[in-house]
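All remarks here apply to the structure that follows.
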Amino acid sequence: MRFWEISKRNLKELYRDPVALGFLLGMPLAFILIFSFAFGGQATRPISIGVVDEDQSQISAAFVSCLENIPALEVVSPVYESESQAEEELDTGGLSIYLLIPRGFGEAVERRQAVDLELAYNEADPMLSQRAVPVVRAVALEFLNIPVPLNIELREREVEIKDEYINYLVPGMAVFGLMVLITSVGGIMVRDRAKGFLSRLMTTPARPSDFIFGYTLPFIPVIIISVAIYLGVGVLMGLSIIGNLGLAFLILFIIGICCLGIGMILGTLAKSEEQASAAPWIFIVPLAMISGSWWSVEQMPSVIRGIAEALPFLHAMDASRAVLTRGVGLEAVKDDFLFLVGWAVVIFIIGIILFRRSMRS
Amino acid sequence: MCPCLSPGLVSGSSFGQYGTKLEPHTIKYAIIIITLLGEMRLTSPKVEPAKVSDDLAIQTLNLTKIFNSLVAVDSIELNIKKGELFALLGPNGAGKTTTINMLCCLLKPTGGTAKIMGYDILKQPFKVKEIIGVSPQETAISERLNCWENLSLIGKIHGINAKELKIRSQQLLETMGLTERAKDQVRKFSGGMKRRLSIIMALVHSPEILFLDEPTLGLDPQARRAVWEYIVRFKGEKTILLTTHYMEEADFLADRIGIMDEGKIDALGTSTELKISILEKHTMIIYAWNLTQKVINEMRGRYKEVEVTDGTMIITDKKLDFKEIVDRLHSLGAIVRSAYIKEPTLEDVFLTITGKELRE
Ligand SMILES: Nc1ncnc2c1ncn2[C@@H]1O[C@H](COP(=O)(O)OP(=O)(O)OP(=O)(O)O)[C@@H](O)[C@H]1O
Ligand SMILES: [Mg+2]
């Protein structure tokens, strides 16, 4: 278990450097936050809300205009007259939430009786209702201006999943983020080489595979945590997971392993730490682009598409997207999955062969 | 056999004071397959230890290393006996480190080969690595580990069991005076402390053959003594190949010394043998009055080298006869105040052979 000893050492070397570790784990968090705020949608924008005014009284109209004046809300115009219109909008994705002002609202207000309101929302977006309820309640209380019982009834509606960008983005970002790991994996090895420590280890009976596994294993927790961050923050930002989370996790984990292997190969070849950490950027961003991290690559020229198809990244994104947001099982992504595993094996074999060569320069 | 122990250095001072379930099966199998592939390629071809003369621990055969066009090691032939302590003495860039790196299978020779305990460095590198311990020239330690962890890393890679490892580590830390700081991350250590740790990392698995590349570089005199004393303990027991710039280190420690320069071993032998080999380098220093030009000319006619600087005459030649020279000077009219003959030192040997001064 020589590789285990080497990996224990590297684990300590890595995790006893809080700054470096902070970068490593902070990176996925920063990526996913920035990107999902930038492209994911609703988080900080006013809540886009539909209003159904079944009451059609002066009082209800006044309440609607009161809602329209609240910056935190963006009332969709025109105001619906019947609930069926709003429901249709909700089902087709035009709306995520609407407020129903039921018949008798005006009367109840006049008589100072209990007032009922209803909020119906897309169940895939529970965050939205949580943000909307307090706003609507505050507006209603302000409007009524006198203490009357106010009920806001919440209604979930199961809605066919729409292909929101966030659902596309999160798996793409996760793979991109794992690709960025390539820049850090070789670091310890390159530093050890510069300081002669790697040479020292090479005078022990440790085999090339011991080195490759010994220097990669410590990054496995980093992959797991990163994937968890991508998916976790993704969900908070509105990613709707309907498939097998475990399977999606596994797919991302394996592409992570591929990236570790690539980082290791660069660590083996690099002459300096700068080389190992700067050089990968040259191909990471283009590869992420052509593999479809941020936008669909269906329409790309066939040559580019071919390159992307031959590499593992596109397959990881496609497979994890399919599992997460379309709910398909292993059977449907089997080909992609085996392709990824195959790549992981090939990358590690190449790594070991290259390291073996570097052992006797 | 160490004819060169100078008594001053073996002082009686006590040296003791220095002292996962996460992976799916596919990945598991992939790792196993890759490991097997790796091992297979490396363990073949199986070659039996060659029959070399049984008492040789290290034998180089035309060992050569050429970097681009620079000949760093020039077909050296070196035979080091089992249990011998051999010192390679040479100036910067002589090729000492390159030689050691080839012997411990870090560098591939451009030509020739070497056998370590009968194992060929080209064909059986991993056999060689099992029996050697190397203390590299640069301090090679893991900065964020403590002493124990550094030692245990090397020990465990060599397959030493935990209990034995602990005992050995304790002993070694004690010898080098590192016990008190043994639990600190070594990045907080001073250069000398790091150096001491680096040396004992070569010893923790009790290797049969020890390569020490400038083991005392950057150590204070006290620590240097401790290292010497420790190395002396292994004399006769382990085979040690040591490189150094320090004349007195080679003189004190080594059974035999090889003087290396520009990739070649120019002279080889015990300290005494080397000194004898340059016996013509005897010098006589004479302080005298009345060293006239006549006296000087007369002496220059008789001896190989004669230098005079106000009142001091230095004569260099093979075998100098003290009485004869003094008598001759007197008969020529010079008045000798005092005179003495200087025996050659290793320094002189070095200077004569390589034409260079050592760094320190
Ligand atoms: N990797 C390398 N590439 C090119 N030249 C090298 C390399 N390593 C060593 N050399 C050259 O080989 C020669 C011998 O170097 P080496 O390190 O063996 O000397 P040394 O005797 O150990 O010197 P020192 O006392 O300074 O440690 C030097 O001229 C050096 O420049
Ligand atoms: Mg050297």
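The values are calculated or read from the model by the stated rules, or taken from the named source; none is laboratory data. These figures come from a predicted structure and were not determined experimentally. Reconstructed Cβ throughout: ideal geometry from the backbone, glycine too, with neighbour counts over all protein chains shown. Areas reflect the complete protein model, heavy atoms only, side chains present, ligands, DNA and RNA absent. Shrake-Rupley method; radii C 1.70, N 1.55, O 1.52, S 1.80 Å.
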Could you pull the accessible area for B:HIS282 with a 1.4 Å probe, rounded to 10 Å²?
20 Å²
Label points 7 Å out from Cα along the Cβ direction at A:LEU33 and A:ASN151: separation in nm?
4.1 nm
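Can you pull the Kirkwood radius for chain A, inverse mean 1/r over Cα pairs, to one decimal in Å?
That comes to 23.4 Å for chain A.
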Which net charge results for the neighbourhood of A:VAL76, defined as the other residues with beta-carbon distances under 11 angstrom from its beta-carbon, given Lys and Arg at +1 and Asp and Glu at -1?
-3
Summed over the other residues with a beta carbon less than 15 angstrom from that of B:SER190, with K and R at +1 and D and E at -1, the charge totals +3
Candidate aspartates and glutamates for bridging to B:LYS65, where Cα separation is under 16 Å - those fewer than 8 sequence places away on the same chain excluded
B:ASP74, B:GLU77, B:ASP261, B:GLU262
Treating only Lys and Arg (+1) and Asp and Glu (-1) as charged, each at its beta carbon, one finds that chain A has a dipole about its Cα centre, in Debye to the nearest 20, of 3280 debye
Looking only at other chains, what is the average number of their beta-carbon atoms within 10 angstrom of each beta-carbon in B:154-166?
3
Assuming a strict under-14 Å limit between Cα atoms, what lysine pair count do you get for the range B:81-184 once near-sequence pairs (fewer than 8 apart, same chain) are dropped?
9
For the pair A:LYS271 and B:SER277, what calculated FRET efficiency results from E = 1/(1 + (r/R0)^6), where r is the Cβ-Cβ distance and R0 = 51 Å, to the nearest 0.05?
0.70
In the range B:56-276 the accessible area split gives carbon plus sulfur, as whole percent at 1.4 Å, a share of 47 percent
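If R0 is 25 Å, what FRET efficiency do you get for B:LEU351 and B:VAL71 from their C-beta distance, rounded to 0.05? Intermediate values should be presented prior to the final figure.
Details: r = 23 Å, r/R0 = 0.91.
In this case the efficiency is close to 0.65.
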Roughly how compact is the range A:47-156, stated as its Cα Rg over 2.2 N^0.38 Å to two decimals?
0.98
Could you pull out every one of the lysines with an alpha carbon less than 25 Å from that of B:LYS304, ignoring same-chain neighbours closer than 8 positions?
B:LYS275, B:LYS281, B:LYS294, B:LYS318, B:LYS319, B:LYS323, B:LYS342, B:LYS356
B:ASN290/B:ASP220 FRET efficiency (R0 56 Å; Cβ-Cβ; nearest 0.05):
0.70
Buried accessible surface, A vs B, both sides, probe 1.4 Å, in Å² to 100, equals 4100 Å²
Using 0.36 nm per residue of separation minus the Cα-Cα distance, give me the extension gain between B:THR270 and B:THR110 in nm, one decimal.
54.6 nm
If you look for lysine pairs in chain A that are eight or more places apart or on different chains, how many of them have Cα atoms under 25 Å apart?
6
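Can you order the peptides B:308-319, B:239-250 by their average number of other Cβ atoms within 10 Å per residue, highest first? Mind showing how you got there, number by number?
Numbers: B:308-319: 14.2, B:239-250: 23.3.
Peptide ranking by packing, descending: B:239-250, B:308-319.
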On full extension of the chain, what length is gained from A:MET300 through A:LEU11, given 0.36 nm per residue of separation minus the C-alpha to C-alpha distance?
99.9 nm
With a cut-off of at most 11 other beta carbons within 10 Å, and DSSP calling the residue loop, which GluC sites (Glu not before Pro) in the range A:232-308 qualify? Please list them.
A:GLU298
Let me make sure I get this right: for the range B:91-169, a, b and c are the square roots of the gyration tensor eigenvalues over alpha carbons, sorted descending. Under 1.5 in a/c it's rounded, otherwise prolate if a/b > b/c, else oblate. Which is it?
oblate
Signed unit charges on C-beta, dipole axis of chain A, positive-most listed residue A:PRO102, A:VAL180, A:ILE241
A:VAL180
Which residue, B:ILE259, A:LEU128, A:ILE251, has the largest displacement toward the positive end of the dipole of the protein assembly as shown when charges sit on each Cβ (Lys, Arg +1; Asp, Glu -1)?
B:ILE259
How much net charge surrounds A:THR268 when only other residues with a Cβ under 15 Å from its Cβ are counted (Lys, Arg +1; Asp, Glu -1)?
+4
Average partner coverage of A:341-353, which counts Cβ from other chains inside 10 Å
4
How would you rank B:193-205, A:100-112, highest first, on the average number of other Cβ atoms within 10 Å across their residues?
B:193-205, A:100-112
Could you pull out every one of the aspartates and glutamates with an alpha carbon less than 12 Å from that of B:LYS188, ignoring same-chain neighbours closer than 8 positions?
B:GLU143
Rounded to the nearest 500, what is the 222 nm mean residue ellipticity of chain A from helices alone, with -39500 (n - 2.57) per DSSP H run of 4+ residues and division by all residues?
-21000 deg cm²/dmol
Probe of 1.4 angstrom, ligands and nucleic acids ignored: what's the accessible area per residue over the range A:164-360, in square angstrom?
34 Å²
Check which residues have an amide H placed less than 5 Å from B:VAL71's amide H, if you skip close sequence neighbours.
none
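Using a 10 Å cut-off on Cβ to Cβ distances, tally the other chain neighbours for every residue of A:189-200 and report the average as a whole number.
Rounded to a whole number, the mean comes out at 4.
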Can you compute the modelled spin-label distance between A:ALA228 and B:LYS82, with each label point 7 Å from Cα toward Cβ, in nm?
5.6 nm
Isotropic mean projected area of the C-alpha convex hull, the protein assembly as shown (nm²):
47.4 nm²
Along its three principal axes, how long is the range B:56-276 when you only count alpha carbons? Whole Å, largest extent first please.
45, 38, 34
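Given charges of +1 on the Cβ of Lys and Arg and -1 on the Cβ of Asp and Glu, with all other atoms neutral, how large is the dipole of the range B:280-343 about its Cα centre, in debye to the nearest 20? Before the final figure, lay out each step's value.
Working: 11 positive and 10 negative charges, 15 e Å.
With only Lys, Arg, Asp and Glu charged at Cβ, the dipole is about 80 debye.
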